[in-house]
Every structure is written in structure tokens, then in C-alpha cells.
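The values are calculated or read from the model by the stated rules, or taken from the named source; none is laboratory data. Note that the coordinates shown come from a computational prediction; the quantities given were computed from them, not determined experimentally. All Cβ positions, glycine included, derive from the backbone under ideal geometry; neighbour counts span all protein chains shown. When the accessible area is computed, the model is the full protein with side chains, heavy atoms only, and any ligands, DNA or RNA have been set aside. Shrake-Rupley method; radii C 1.70, N 1.55, O 1.52, S 1.80 Å.
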Amino acid sequence: MMSKTGGGGGRPDPGDQQPGDDPAAFSALLEDSTEDLYEHAPCGFLSTLLDGTIAKINATLLDWLGYARDDVVGRKTFSDLLTVGGRLYHETHFGPLLRMQGEVSGIALELKAADGSRLPVLVTSTIKTGGDGQPLLIRTTVFDARDRRAYETELLRARQEAEHEREELKRLNAVLQRTLLPPALVSVPGLEVDAHYHIASTDMVGGDFYDLFPLGAGTWGLFLGDVCGKGAAAAAITSLARYTLRAAAVYDPDPAAVLSNLNTVLNHEYTGEDPRFCTVIFGLLTPDTDQGGFRITLASGGHPPALIVRSDGSADQLPTPGGQLIGALPDAHIATTTVHLTAGDTLLLHTDGLTEAHTASSSDDDRYGDEAFLGFARALAPTTASDAVAAIRDLLDTFGAGVDDDTAVLAVSVPRC
């Protein structure tokens, strides 16, 4: 047997018929008179003389405004239906533009109802002309914009609320960022120290960090690092790394041992589905009582090489090849090097936000790079910690939005005698 709704000549279900399938029913839908369609259209219609006097208005618009037809036709102009502000706009903009173009579409105005309430509307007007091209009257269509106005008001409120929340988030990010950095660098006898933190985005907390602090026997520890990622998760790692480095340095100030301890902590705490790691360079500063100046031993865990700017005008990288990311492996290889700072020498530590900044376009080929930064340091030589940091701040400013990652800079120098 064939289904009633299937093919093969079966009779269709009456519920599946469309109006157009029954000519009689379809014709019945079109029996509304033109006048009835005009009067009860879902929008307002009115026609005015060229001076604005209302000659015709439909029932829809009269119902919206609460007027009787006799109160309006021949007695009021279109501008009489507007609020004071709307009337001013109509006289200075709407009317002149209509006369010049012959049509004005989608203008937001407010009509004043008989009870004094306001009705937000969207208005479109056209000028009807005669056979000789001369204007005869103005036809206007009015659409109720109350729902749209309510939507726009709610949208504005939501936007203002979102902006307020964004500003509050920025403030909280700034406060959190400050807690991850030392409030001020300590003073080291015989050294000039300076630092700078460049924030790439106020919407996210960065993962760069640095510190300089005293240890026993007249030695000092310093470090600078960069945590993978941004936001709250990166901030948590930054805080853990900073305080772990300080505690590890007190226990055993050997730079390689300090980074090895940090590697153990990070690798233990952040493994599996949420691995977390960072690049770090740690330095132990010891006054050299025999030659003067300072002896600095640096240990690096996958961090960009430090730069040393000499008093004789030269500048070079201090490579630590083979140093691996801290926290990525259970037993990371830690690379070390030792350098002597004499009067007029400056040591520069930085994170890769500087060397990976875009200089011209978004192409990876236009990143600033290690070699360019080395050339920049050579042009500064000889320099001091404060002068070097100031020059790097100016350099970062020249990149503008090209700096898409936070950048930390830490510099120490031995003053000239």
C-alpha cells in the first residue's frame, strides 16, 4: 500500500497544502481594500503639503500618538509632532536635505504624543512630483523604534559595564604585575643598577620577572626570567619562580644549583596536561678585592645571552650554549659562564620580548633580533646601567605596537673611579 503522503498518486495531506495551492483561498487573502491596508499598516503613513501641513495620516500613526484625525489633518504640521530637539534637527538638516535630494531615509527622530510622552521612530520621506516635475507633496513613512531604542539602550549599558569591568581588570592586572616585581632595586655598594619592565598589553599579566637581592658574605644574587604564556597561570608560575630562586640562593648560592632547584620545583608541580616552564638567567655577584670591580658567575636555562658592554667601547654576548628550559625536563642541563666587571663595564640582561619585536610589518623576517641588539649595545659603549636602560626604553618606544610581548631589562655597571 502506498502512504497517503507518498508518491504514486496518493492524496496529499490537507495540512501540507500552501495558500497558493487553493486559488479561492489565496484570493480571499487579497480582498483587503487598499484603503484598509493604508490605514492599518504596521507602520505610520502621512502626507504633508510642501509647507509641512498634514494632509493625510493613517490610523496606525494616530493610535501611536493618541490623536484624533480632526486634531491633526489641516491643523498641524509634521514638525509639530516632533520634540523640540527633533524639530530643530528637522528645520536645519532633515528639511534642507529632503528639498535638495528629494528623499531622506532612515532618520532617527522622536515624536511627541498627545499625552506628552515620546515615541522614538525611524522616518523616511520622499517628495512626490507632478508630470511637469514640480513638487506636489511630501510622503513620509514612520517606523516604531521603541524596541530598537530599548535594545540600543541595553547595548550601551552592557558596553559601559563591560568597559568598567575591563578597566577594573586592567587595574587588578597592574596591581598583580607590581607584586611580581621588586618595588625597588636594592643598592649594591660599588655597583650602579637599573631595570625596566615594558608592558605589551594592559589586558594580560605578563610572565617576565627580575630581582636583585643580598646574600651572605658580601655577595649578591640577581636573576631575570620569562615564563611561558600570559595571564593568571603565568602569574602563578612567575610568583613561584621568583620566591623559589630567592630561597634556593640562600640555601646554595651556586648559580647552577639555584636553577637546578627551580627546575625540580617546576617540573614536579607542572607536568602532564599542563606543563609550565620558563627561561631564566641567574647571576652571583662577588666583589673582587684583588682586581677591583666584581666577578659575576651566570647560569642560564635556555635564556637569551647576556651582553657585556666594556669601558673600551666594545660589546659582546656572553653565550651559555646548551642551557635548557627550566621545568621542561626532570634533569635540565644548566650552562654557566664567569665574567669580570671592571670600572666602566656594564652587564645587560633582557627577555626576548625585545629581540622578537616587529620592526616594520607582521612578518617574522622583520623581528629585531639578537644581532641588531648587539649592534645597538656596541653603539652605546661605553655606557652605564641607567643610560643603557634609558636607551633601551627609547628603543622599545620606537617599535610601538610591534612589541607584542612583555620585556624586562636589568643592568648593572661598575662606576668609573
Please give the helix 255-269 orientation as an angle from the longest Cα principal axis of the chain, in degrees from 0 to 90, rounded to the nearest 10. 40
Would you pull out the residues with amide H under 5 Å of Asp211's amide H, same chain only if 5 or more places away, H placed 1.01 Å from N? Phe223
Between the Cα axis of helix 385-399 and the main Cα principal axis of the chain, the angle (0 to 90°, nearest 10) is 30
Unit-weight point scatterers at every alpha-carbon of region 109-262, Debye formula, q = 0.17, 0.18 1/Å: log10 I(q)/I(0) is -1.04, -1.10
Taking the Cα centre of the chain as origin and charging only Cβ (+1 Lys, Arg; -1 Asp, Glu), how large is the dipole, in debye to the nearest 20? 860
Before rounding to the nearest 500, sum -39500 (n - 2.57) across all DSSP H runs of length at least 4 in the chain and divide by the residue total; then give [θ] at 222 nm in deg cm²/dmol. -10000 deg cm²/dmol
Under a 5 Å amide H to amide H cut-off, with H placed in plane at 1.01 Å, what residues pair with Val403 once short-range neighbours are removed? His358
Across the chain, how large is the tail of the calculated P(r) beyond 41 Å, expressed as a percent of all Cα pairs? 50
For Leu137, the residues 5 or more places away or on another chain with a placed amide H closer than 5 Å to its own amide H are Lys128
Hey, can you find the accessible area per residue of the chain for me, probe 1.4 Å, expressed in square angstrom? 52
If we count GluC sites (Glu not before Pro) as exposed when they sit in a DSSP loop and have at most 14 other beta carbons within 10 Å, what is the longest stretch of the chain that avoids them all? 32-272
Using C-alpha positions alone, give me the convex hull volume of region 258-417 per residue in cubic angstrom. 122
Using the Cα centre as the reference, give the magnitude of the dipole from point charges on the C-beta atoms of region 280-417 (Lys, Arg: +1; Asp, Glu: -1; all else neutral), rounded to the nearest 20 debye. 520
Could you go through region 53-60 in sequence order and give the Karplus-derived ³J(HN,Hα) for each residue, using 6.51 cos²θ - 1.76 cosθ + 1.60 with θ = phi - 60°, rounded to whole Hz, and x for Gly and Pro? 5, 6, 9, 7, 8, 8, 5, 4
How would you order 183-189, 254-260, 380-386, 391-397 from highest to lowest mean count of nearby Cβ atoms within 10 Å? 254-260, 380-386, 391-397, 183-189
Output the 0 to 90 degree angle, nearest 10, between the alpha-carbon long axis of helix 370-380 and the longest principal axis computed from the alpha carbons of the chain. 70
Hey, rough spin-label estimate for Thr219 and Ala59, points 7 angstrom out along Cα→Cβ, what's it come to in nanometres? 9.7
How far apart, in nm, are two points set 7 Å out from the Cα along the Cα-to-Cβ line at Ala401 and at Glu163? 1.9
Relative contact order in percent for region 28-144 (Cα pairs under 8 Å, 6+ apart) equals 25
Through the Karplus equation 6.51 cos²θ - 1.76 cosθ + 1.60, θ set to phi - 60°, convert the phi angles of region 331-346 into ³J(HN,Hα) values in whole Hz; use x for Gly and Pro. 10, 6, 7, 10, 9, 10, 7, 10, 9, 10, 9, 10, 4, x, 8, 9
If I compute solvent accessible area with a 1.4 Å probe over the protein chains, what percent of it on the chain is carbon and sulfur? 53
Report Rg/Rh for region 28-144, rounded to two decimals, where Rg is the Cα radius of gyration and Rh the Kirkwood radius. 0.97
Classify region 262-313 from the C-alpha gyration tensor, please: rounded if a/c falls under 1.5, else prolate or oblate depending on whether a/b exceeds b/c. oblate
Length gained when the stretch Ala108-Lys76 is fully extended (0.36 nm per residue, less Cα-Cα span): 9.5 nm
Which whole-number percent gives the relative contact order of region 181-413, counting Cα pairs below 8 Å spaced six or more residues apart? 24
